[in-house]
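J.: First the structure, then my questions, so here it is.
The values are calculated or read from the model by the stated rules, or taken from the named source; none is laboratory data. The model shown is predicted, which means the values in this text are computed figures rather than measured ones. Ideal geometry is used to build each Cβ from the backbone, glycine not excepted, and the neighbour counts take in all protein chains shown. These accessible areas exclude ligands, DNA and RNA; they are computed on the full protein's heavy atoms, side chains included. Shrake-Rupley method; radii C 1.70, N 1.55, O 1.52, S 1.80 Å.
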Amino acid sequence: MLAWEQDRLDHAVTDAFGFHALQLGLPELDGLRANRMPHRWVATDALHLPEPVTLPPPADGLLTTLPAHEPVALHCEFDALPFPDHSIDLVVLPHALELARDPHQTLREVERVLVPEGRVVIAGFNPASLWGLRQRVDRMRRDSGLGHDASLFMPDAGDYIGYWRLRDWLRLLGFEVEAGRFGCWRPPLHSPRWLDRFAWMDGVGDRWWPVLGAVYFLVAVKRVRGMRLVGRLRPERRRTRAAPAVVARQRFEQPVEHGVRRREPAETEPR
């Protein structure tokens with residue numbers, strides 16, 4: 001499963017450009033190793049980082065032109081990220097939502113810190129699969145007291161989020177899903193021998209029952225739509241030009257008879 005997720009992450013983040021990339025959760029999986037951004041962080045809510053899992057490099061040479069510096073480890077809460085608004089170009093969440101304390105708030109924080117047209121890459125367990133069915137059976141046995149000594153097949157932190165349910169969450173936050181993929185159709189078995197016997201299910205599962213894969217993979221883009229006025233809101237009012245101002249001037253003439261000055265009627269002349 002980790003090998004399949006690592007391959008999907010390498011192909012999803014290699015074409016994501018920008019300056020800042022962030023991975024939330026599962027530091028054992030290097031989800032940013034195929035990314036070329038200069039500033040990269042791997043955030044975890046645990047105080048001690050586990051040892052990374054050694055996985056083979058991709059066969060198509062995706063890691064040949066990558067920078068040599070490693071991502072910086074960061075300890076923070078996923079529902080209160082220490083980044084300003086619109087400051088991250090890429091966010092990778094490998095099983096971070098299902099293991100987070102508040103998956104809704106975590107996804108809202110991801111939307112807040114992402115720049116417009118920024119990408120989010122999510123990997124999660126599919127509850128509508130054989131792995132999800134075994135997890136529910138193991139939980140019922142544990143709650144009923146029949147299998148209190150048996151351990152669960154998958155982690156017991158949080159609830160697993162369905163594929164279509166997560167798409168609805170992303171759509172409400174203004175994301176546009178670009179790609180979706182399912183993987184890992186083998187039964188939930190511990191024995192490597194039996195896992196190899198059911199390897200044929202991965203070959204036909206993508207064609208015949210794709211939505212029953214044990215894990216799913218999503219790539220979404222944050223869309224910020226601007227407002228544009230189409231047409232006129234109201235007709236323009238015609239402005240009437242005021243008449244030019246005039247000044248009245250009185251004209252006096254000299255007296256004509258008997259020494260009396262005669263006053264002529266006033267005339268109006270424009271200035």
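J.: Please go through the range 1-16 and pick out each residue that is open to solvent by 40 Å² or more (accessible area, probe 1.4 Å) and acidic (Asp, Glu).
T.: Correct list: 7, 15.
J.: In addition: Going by the structure shown, is residue 74 at pLDDT 85 or above, open to solvent by 70 Å² or more (accessible area, probe 1.4 Å), over 14 Å from the mean Cα position of the chain (by Cα) and not aromatic (Phe, Trp, Tyr)?
T.: Taking the combined requirement at face value, the residue does not satisfy it.
J.: Could you list, in sequence order, all residues of the range 179-209 that are in contact with a Leu (Cβ under 9 Å, 6 or more places away or on another chain) and outside any helix (DSSP H, G or I)?
T.: 179, 180, 181, 182, 185, 186, 187, 188, 189, 198
J.: So which residues in the range 17-40 are of a type outside the set (Lys, Arg), under 23 Å from residue 3 (Cβ atoms), without any contact (Cβ under 8 Å) to a residue 60 or more places away in the chain and surrounded by 18 or more Cβ atoms within 10 Å (Cβ to Cβ)?
T.: Answer for the range 17-40, where residues must be of a type outside the set (Lys, Arg), under 23 Å from residue 3 (Cβ atoms), without any contact (Cβ under 8 Å) to a residue 60 or more places away in the chain and surrounded by 18 or more Cβ atoms within 10 Å (Cβ to Cβ): 27, 30, 34, 35.
J.: Moving to a separate point now. Looking at the range 84-99, which of its residues are surrounded by fewer than 24 Cβ atoms within 10 Å (Cβ to Cβ), more than 10 Å from the chain's Cα centre (by Cα) and under 19 Å from residue 123 (Cα atoms)? Before you say what the answer is, go through the steps one by one.
T.: First pass over the range 84-99, keeping only residues surrounded by fewer than 24 Cβ atoms within 10 Å (Cβ to Cβ): 84-87, 89, 95, 98-99.
Filter again for more than 10 Å from the chain's Cα centre (by Cα), leaving 84-87, 95, 98-99.
Hits for the range 84-99 are 95, 98, 99.
J.: Just to verify a result, which residue in the range 112-143, among those that are among the charged types (D, E, K, R) and surrounded by 18 or more Cβ atoms within 10 Å (Cβ to Cβ), is farthest from residue 159 (Cα to Cα)?
T.: Across the range 112-143, the extreme among qualifying residues is 119.
J.: For residues that are among the aliphatic types (A, V, I, L, M), surrounded by 13 or more Cβ atoms within 10 Å (Cβ to Cβ) and modelled with pLDDT under 90, scanning just the range 41-71, find the one that is farthest from residue 113 (Cα to Cα). Show your work before the answer.
T.: Of the range 41-71, the ones among the aliphatic types (A, V, I, L, M) are 42-43, 46-47, 49, 53, 55, 59, 62-63, 66, 68.
From what is left, the residues that are surrounded by 13 or more Cβ atoms within 10 Å (Cβ to Cβ) are 42-43, 53, 55, 62, 66.
Filter once more, so that each one left must be modelled with pLDDT under 90: 53, 55, 62, 66.
Working: 53: 28, 55: 30, 62: 27, 66: 25 Å.
Looking at the filtered set, the residue picked out is 55.
J.: Identify the single condition in (1) at pLDDT below 90; (2) under 22 Å from residue 98 (Cβ atoms); (3) within 17 Å of the chain's Cα centre (by Cα) that residue 153 does not satisfy, given that it satisfies every other one.
T.: (3)
J.: Of the residues in the range 165-178, how many are part of a strand (DSSP E or B) and open to solvent by 50 Å² or more (accessible area, probe 1.4 Å)?
T.: 2
J.: When only residues in the range 180-197 that are surrounded by 13 or more Cβ atoms within 10 Å (Cβ to Cβ) and of a type in the set (A, V, I, L, M, F, W, C) count, which is nearest to residue 115 (Cα to Cα)?
T.: Filtering the range 180-197 for residues that are surrounded by 13 or more Cβ atoms within 10 Å (Cβ to Cβ) and of a type in the set (A, V, I, L, M, F, W, C), the one nearest to residue 115 (Cα to Cα) comes out as 182.
J.: Which of the residues belonging to the range 108-150 are modelled with pLDDT of 90 or more and acidic (Asp, Glu)?
T.: Within the range 108-150, 109, 111, 117 qualify.
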